[in-house]
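Notes to accompany the following structure.
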């Protein structure tokens, strides 16, 4: 009879330990998923920043070429205005001026496409080929926007990690508590922090996937 009473007396504690243990295991699994997402999208953020840097360098090289063409054109215009070009060379100079104007216009359109991307400038303004095909340029500003978005997601992932780690600590403390009131208080606090961590993690994944 006493054994059955002891067993009956242990049942509430056993049920709590089972419930708390399962909850901790679930939260630990969610923490692991959150950490995987944080690491994966953190790498994507670094890659996006590198791509943005390369795009801005590409943009700078086009600007340099445009400036060189503009300088040559301005020099020829100044020479023509000063009458320093022989009459028989005027037509050839005009052809060179037309070519330089065309190059400047092309460089300007290429710069714009490199800066904002092919999708933004539209098919009619595609000028820069990538791997022999037009319309495949992803702009520097697009890479900037992606890296900024992933950076914000990374901050939220970190917040989610903090809450999930804290809730696991509280759950472990609740398991060793003997006083039911204190044990339940720590368990409740674990659930609250766990819910907050899950919410932050879901928000981070939502932002990282750009949903």
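The values are calculated or read from the model by the stated rules, or taken from the named source; none is laboratory data. The shown structure was predicted, so the numbers you read here are calculated from the model rather than taken from an experiment. Cβ coordinates were reconstructed from backbone atoms using ideal geometry, including for glycine residues, and neighbour counts include every protein chain displayed.
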Return a yes/no flag: does the stretch 109-123 have any residue that is without any contact (Cβ under 8 Å) to a residue 40 or more places away in the chain, farther than 30 Å from residue 163 by Cβ and out of contact with any helix residue (DSSP H, G or I) (no Cβ under 9 Å at 6 or more places or on another chain). yes
Being farther than 14 Å from residue 31 by Cα and part of a helix (DSSP H, G or I): is that true of residue 138 here? no
Being under 30 Å from residue 180 (Cβ atoms) and either modelled with pLDDT under 95 or in a helix (DSSP H, G or I) (or both) is true for just one of 26, 46. Which residue is that? 26
Go through (1) under 30 Å from residue 33 (Cα atoms); (2) in contact with a helix residue (DSSP H, G or I) (Cβ under 8 Å, 6 or more places away or on another chain); (3) surrounded by fewer than 15 Cβ atoms within 10 Å (Cβ to Cβ) one by one and return the number of the condition residue 96 breaks. (1)
